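A.B. asks: Quick one: the structure is below, questions incoming.
The values are calculated or read from the model by the stated rules, or taken from the named source; none is laboratory data. Since the structure is predicted, the reported quantities are computational estimates derived from the model, not experimental observations. All Cβ positions, glycine included, derive from the backbone under ideal geometry; neighbour counts span all protein chains shown. Heavy atoms of the whole protein, side chains included, go into the accessibility calculation; ligands, DNA and RNA do not. Shrake-Rupley method; radii C 1.70, N 1.55, O 1.52, S 1.80 Å.
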Amino acid sequence: MDKLLIQGGRRLRGSVAVAGSKNACLPIMAAAILADGPLTLHGVPVLEDIRALGDLLEELGLTVRRDGDTLALQVADTEPCHARYDLVRKMRASICVLGPLLGRRGRARVSMPGGCAIGPRPIDLHLRGLEAMGATIELDEGDIVATADRLHGAEIFLGGPFGSTVLGTANVMMAAALAEGTTVIESAACEPEVQDLAACLNAMGARISGAGTPRVTVEGVQSLQGCEHTAIPDRIEAGTFMCAAAITNGQVRIERVRLDHMVAVVDRLRAIGVIVEPADGGAEISSTRRLTAVDATTQPYPGFPTDLQAQLMALLCLADGNSVLTEKIYPDRFLHVAELARMGARIRKEGPTAIVTGAKRLVGAPVMASDLRASAALVLAGLAAEGCTTINRIYHLDRGYQRIEEKLLALGADIRRVAE
Ligand code: EPZ
């Protein structure tokens, strides 16, 4: 298992390009199950999660070929319908094959995803949506077994106790694309990744309107064709590099960023005192002074994303005053708190809220990565800390960040990967 060694205290300078969005690519890859022709997807980052879904899709009868950042996906066999526990447990997002399998092949057997480090992650809303379209759903030996002759359109409410569901909206949208009649999804997730999936499905011949709003309408069609599509840039990777520039008092140009997907993030960064300037398809991020404490609450899009909560917390560890961070999507997503404390952070957790009292400095320490975004927060803290930080178990990082240490090295960080 690899680990990262970071010697903190270097100001980051230069330019970094953001990869295509992991969370846009995953459901779009699954959408290839629906198409009668090849799907050519550009902007696919080289990540463990993408590779894991590629393996699963191959088991489900697709050919998956990579050429640089382009993936070519095509159905070769429509018989397999079983997403095995071995593959699903490696990556929870595998659940996004459920809707396409059911919609195109009339049956799906998908291992029920278990819990994960960021807390319980039920899929009741996915199942409720598919049932409303006429699917029969049973649980058998830990697998969800879903069947339907042909799904029919329905009015479906997808709001849950924590707001809308991103992959639930994706699953229902993909299943509805080939259903008989019209489906209306109320309280649909509005995330840019859902919009990107809808754009790709429409390019395949689907008839989806309203994606990006809480009401999405899907008029079912008989078949879908292949298409060529480019994934949107990864707003979470972009936000992570923005925090990296800010925490090191650096000056970084971020290429290929969609600031219109990051309004809440830019709002909070500016409130902290970070300068964010749009610059010709990218953004210039700089910070030259002490940071100011702010409050932030994670919410469904367009609110502040839960996937950047840990990174923002790392930044606020060095801001003057008390910041209040409240997690409204995953109330238990705070495993990074104890690790940041090992580096001198002053954080008090009260239920779904963390109160961060800015410290004058962080100090390097050996720390343990617990999940993808928590790992990114530890990298940020390590960049700013005095001395050496060792981050163990960085396979989490490789699930979601393509060559993060190479990108940071190019910006002037003192960082290296070593085999444990
Ligand atoms: C997506 O997960 C992302 N994953 C997550 O990113 C992200 O944190 C999350 O959306 C929230 O933005 C991918 O896109 C692959 P949800 P998803 O269903 O769709 C509750 C990362 O770091 N809920 O929108 O699985 C759920 O427990 C990952 O890249 C139900 O109650 O999340 C949570 O509180 C981690 N019932 C909230 O809704 C359901 O049926 C939002 O979850 C489904 C969800």
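A.B. asks: When the chain is fully extended, how far beyond the present Cα-Cα distance does N322 get from R150, taking 0.36 nm per residue of separation? Write down the numbers at each step before the final one.
C.D. replies: Details: separation 172, 0.36 × 172 = 61.92 nm, distance 5.52 nm.
Net length gain for the segment: 56.4 nm.
A.B. asks: For region 92-172, run through the trypsin sites (Lys or Arg not before Pro) and keep only the ones in DSSP coil with at most 13 other Cβ atoms within 10 Å of their Cβ. Walk me through the intermediate numbers first.
C.D. replies: Working: sites: R92, R104, R105, R107, R109, R128, R150; in loops: R150.
Answer by residue number: R150.
A.B. asks: Something else now. Quick one: work out Rg over Rh on the C-alpha atoms of region 22-230, Rh as Kirkwood radius. Each step should come with its number before you reach the end.
C.D. replies: On the way: Rg = 15.2 Å, Rh = 16.5 Å.
Reported Rg/Rh, Kirkwood definition of Rh: 0.92.
A.B. asks: Using Cα springs under 10 Å in a Gaussian network model of the chain, which residue among P331, P100, P192 shows the largest mean-square fluctuation?
C.D. replies: Its mean-square fluctuation being the largest, the pick is P331.
A.B. asks: Round to the nearest 0.05 the FRET efficiency obtained for A117 and E138 when R0 = 22 Å and r is the Cβ-Cβ distance. Could you put the intermediate results ahead of the total?
C.D. replies: Numbers: r = 29 Å, r/R0 = 1.31.
Computed FRET efficiency for A117 and E138 comes out at 0.15.
A.B. asks: Where in region 131-166 does the amide nitrogen come within less than 16 Å of the point 7 Å from the Cα of V184, taken along Cα to Cβ?
C.D. replies: Residues 133, 153-159 fall inside that zone.
A.B. asks: Which of the trypsin sites (Lys or Arg not before Pro) across region 274-382 are loop residues per DSSP, with 15 or fewer other Cβ within 10 Å? Before the final figure, lay out each step's value.
C.D. replies: Numbers: sites: R289, R290, K328, R333, R342, R346, R348, K349, K360, R361, R373; in loops: R289, R290, K328, R333, R342, K360, R361.
Taking region 274-382 and a limit of 15 other Cβ atoms within 10 Å, the loop trypsin sites (Lys or Arg not before Pro) found are R289, R290, K360, R361.
A.B. asks: Right, next: Quote to one decimal, in nm, the extra length available between E420 and V363 on full extension: 0.36 nm per residue of separation minus the C-alpha distance between them. Walk me through the numbers on the way to the answer.
C.D. replies: On the way: separation 57, 0.36 × 57 = 20.52 nm, distance 2.21 nm.
Once the chain is fully extended between E420 and V363, it gains 18.3 nm.
A.B. asks: With the calculation restricted to Cα positions, what are the radius of gyration and Dmax of region 197-262 in angstrom?
C.D. replies: 17.2, 55
A.B. asks: I would also like to ask the following. Can you give me the long-range amide H partners of A19? Hydrogens built in the peptide plane at 1.01 Å from N, cutoff under 5 Å, separation of 5 or more residues or another chain.
C.D. replies: D234
A.B. asks: How many percent of the accessible area of the chain is carbon or sulfur, using a 1.4 Å probe? Mind showing how you got there, number by number?
C.D. replies: On the way: 7740 of 15840 Å².
Whole-percent figure for carbon plus sulfur exposure: 49.
A.B. asks: Indicate the gyration tensor shape class of region 321-381 (rounded, prolate or oblate), computed on the Cα atoms with a ≥ b ≥ c the square roots of the eigenvalues: a/c under 1.5 is rounded; otherwise a/b larger than b/c is prolate and the rest oblate.
C.D. replies: Working: a/c = 2.16, a/b = 1.15, b/c = 1.87.
Note, shape of region 321-381 comes out oblate.
A.B. asks: Another question about this same structure. Round to the nearest 0.05 the FRET efficiency obtained for F162 and L409 when R0 = 45 Å and r is the Cβ-Cβ distance.
C.D. replies: 0.75
A.B. asks: Skipping prolines and chain starts, which residues have an amide H placed within reach, meaning under 5 Å, of the one on T165, given they are 5 or more residues away or on another chain?
C.D. replies: A189
A.B. asks: I want to check a number: in the chain, how many lysine pairs have alpha carbons closer than 28 Å, given a sequence separation of 8 or more or different chains?
C.D. replies: 13
A.B. asks: How far apart, in nm, are two points set 7 Å out from the Cα along the Cα-to-Cβ line at D77 and at R207?
C.D. replies: Those two pseudo-labels are separated by 3.5 nm.
A.B. asks: Suppose the chain between E255 and A341 were pulled fully straight at 0.36 nm per residue; how much longer would it get relative to their current alpha carbon spacing?
C.D. replies: On the way: separation 86, 0.36 × 86 = 30.96 nm, distance 3.26 nm.
Between E255 and A341, full extension yields an extra 27.7 nm.
A.B. asks: A further question follows. Can you give me the accessible area per residue for the chain, using a 1.4 Å probe, in Å²? Before the final figure, lay out the partial values.
C.D. replies: Working: 15840 Å² over 420 residues.
Solvent-accessible surface per residue comes out at 38 Å².
A.B. asks: What shape does region 194-324 have by the C-alpha gyration tensor, where a ≥ b ≥ c are the square roots of the eigenvalues, rounded means a/c under 1.5, and otherwise prolate means a/b greater than b/c and oblate the rest? Could the numbers behind the result be given before it?
C.D. replies: Details: a/c = 3.57, a/b = 2.14, b/c = 1.67.
Prolate, because a/c is 1.5 or more and a/b exceeds b/c.
A.B. asks: Can I ask one more? Using only the alpha carbon atoms of the chain, find the Kirkwood hydrodynamic radius as the inverse mean reciprocal pair distance, in angstroms to one decimal. Walk me through the numbers on the way to the answer.
C.D. replies: On the way: mean 1/r = 0.0460 Å⁻¹.
Hydrodynamic radius (Kirkwood, Cα pairs) of the chain is 21.8 Å.
A.B. asks: For region 142-198 and region 367-417, what is the separation of their C-alpha centers, rounded to whole Å?
C.D. replies: Computed from Cα coordinates, the inter-centre distance equals 35 Å.
A.B. asks: Right, here's the next one. What FRET efficiency, computed as 1/(1 + (r/R0)^6) with R0 = 41 Å and r the Cβ-Cβ distance, is obtained for T292 and R128, rounded to the nearest 0.05?
C.D. replies: According to the calculation, E is roughly 0.40.
A.B. asks: Mind listing the phi-derived Karplus ³J(HN,Hα) values for region 290-296, rounded to whole Hz, using 6.51, -1.76 and 1.60 with θ = phi - 60°, and x for any glycine or proline?
C.D. replies: These are the phi-based 3J(HN,Hα) values: 4, 8, 10, 5, 9, 9, 8 Hz.
A.B. asks: With a 1.4 Å probe and every protein chain left in place, tell me how much accessible area D36 has, in Å² to the nearest 10.
C.D. replies: Surface accessible to solvent at D36 totals approximately 80 Å².
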